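Asks: Sending over a structure as structure tokens; questions will come in a sec.
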Protein chains: 2
Amino acid sequence: MRIPILKLGNYLLISIQMELDDKTAIQFQEDLLQRIHETGATGVVVDLTSVDIIDSFIAKVLGEVVSMSDLMGAKVVLTGIQPAVAITLIDLGIHLQNVQTALDLEQGLMKLHQELGE
Amino acid sequence: MRIPILKLGNYLLISIQMELDDKTAIQFQEDLLQRIHETGATGVVVDLTSVDIIDSFIAKVLGEVVSMSDLMGAKVVLTGIQPAVAITLIDLGIHLQNVQTALDLEQGLMKLHQELGE
């Protein structure tokens with residue numbers, strides 16, 4: 001199953017609702033980069049509100065998605081990181097440096113608006 | 001599993017990504033009405049891009065959600081109905097009358113903007 005990527009003006013919006021296994025995460029990475037290429041999106045919000053569990057591989061893939069999108073010219077904001085996920089990430093020693101985060105979708109979009117000055 | 005309901009200004013945004021079983025659909029109905037009550041949302045977009053299959057019960061629940069939300073003062077637009085789903089609905093004799101639809105999330109939000117004059 002693929003994660004749907006929604007378009008909203010110049011931004012792409014992804015709400016991850018399933019437990020990410022390795023294959024889905026890689027597929028998501030490919031799909032998102034392809035979509036950025038097709039649409040010329042300048043910003044991406046990845047909402048993780050429904051993600052309860054994360055492991056080091058998924059965290060790595062997410063971190064990579066952010067760097068890759070950045071290279072392609074699209075700024076990524078991760079939103080809705082749950083307390084348990086934040087704890088796991090820090091416990092795993094993953095700090096997701098250089099990754100923008102925000103409380104929820106609304107704040108994430110606001111952050112993009114500010115950063116991109118649109 | 002519950003379907004996450006995202007807030008975007010005065011609107012609520014739901015991207016349905018799982019096959020809806022009866023229990024999930026009823027839970028979604030309750031959650032959405034509760035969320036409309038809490039947030040005072042004036043518009044709702046339910047994106048069905050990732051829904052490939054629909055049955056008469058789910059279609060009925062979706063139709064009801066639209067009517068119930070309307071009673072509470074929130075306009076609902078269904079977006080991204082797939083060809084197969086449209087065919088099934090008409091084959092089942094379900095016409096979803098009085099239900100606003102749009103091609104995708106973007107067009108759905110535009111429709112809400114127009115209708116609500118915001």
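Derivation of every value follows stated rules applied to the coordinates shown; laboratory data play no part. A quick note: this is a predicted structure, and the numbers were derived from the prediction, not measured. Reconstructed Cβ throughout: ideal geometry from the backbone, glycine too, with neighbour counts over all protein chains shown.
Asks: Roughly what % of DSSP beta bridges within the protein assembly as shown run antiparallel, to the nearest 5?
Replies: That works out to approximately 20 percent antiparallel.
Asks: While we're here: Tell me the mean residue ellipticity at 222 nm calculated for chain B from its helices only (DSSP H runs of n ≥ 4, each -39500 (n - 2.57), averaged over every residue, nearest 500). Intermediate values should be presented prior to the final figure.
Replies: On the way: 4 runs with 55 residues, N = 118.
Using -39500 (n - 2.57) per qualifying helix, the result is -15000 deg cm²/dmol.
Asks: Let me ask another. Residue by residue through the stretch A:62-77, which ³J(HN,Hα) values in whole Hz follow from phi under the Karplus form 6.51 cos²θ - 1.76 cosθ + 1.60 (θ = phi - 60°), with glycine and proline marked x?
Replies: Values per residue, Gly and Pro as x: 4, x, 5, 4, 5, 5, 5, 4, 4, 4, 7, x, 10, 7, 10, 10 Hz.
Asks: When averaged across all projection directions, what area in nm² does the alpha-carbon convex hull of the protein assembly as shown cover?
Replies: The directionally averaged projection comes out at 12.6 nm².
Asks: With axes computed from alpha carbons, what is the tilt in degrees of helix B:22-39 against the longest principal axis of chain B, rounded to the nearest 10 within 0 to 90?
Replies: Compared with the principal axis, the helix lies near 10 degrees.
Asks: Another question, then. Who wins for biggest fluctuation among B:ILE53, B:ILE14, B:ILE90 in a Gaussian network model of chain B, springs between alpha carbons below 10 Å?
Replies: Between B:ILE53, B:ILE14, B:ILE90, it is B:ILE90 that shows the largest mean-square fluctuation.
Asks: Give me B:SER15, B:SER67 sorted ascending by neighbouring Cβ count inside 10 Å, so fewest comes first.
Replies: Fewest-to-most Cβ neighbours within 10 Å comes out as B:SER67, B:SER15.
Asks: At 7 angstrom along the Cα-to-beta-carbon line, where would the label on B:LYS23 sit relative to the other copies? Give the distances in nm, shortest first.
Replies: 2.5
Asks: Shortest first, in nm, what separates the label point of A:GLN97 from those of the same position in the other copies (7 Å along Cα→Cβ)?
Replies: Label point to label point, same position, other copies: 6.4 nm.
Asks: Of all DSSP beta bridges located in chain B, what percent are antiparallel, nearest 5?
Replies: The answer is about 20 percent antiparallel.
Asks: Once you keep just the Cα pairs under 8 angstrom separated by 6 or more residues, what percentage relative contact order results for chain B?
Replies: 25
Asks: Normalise the Debye intensity by I(0) for chain B, one equal point scatterer per Cα, no solvent, then take log10 at q = 0.12, 0.16 Å⁻¹ and round to two decimals.
Replies: -0.37, -0.69
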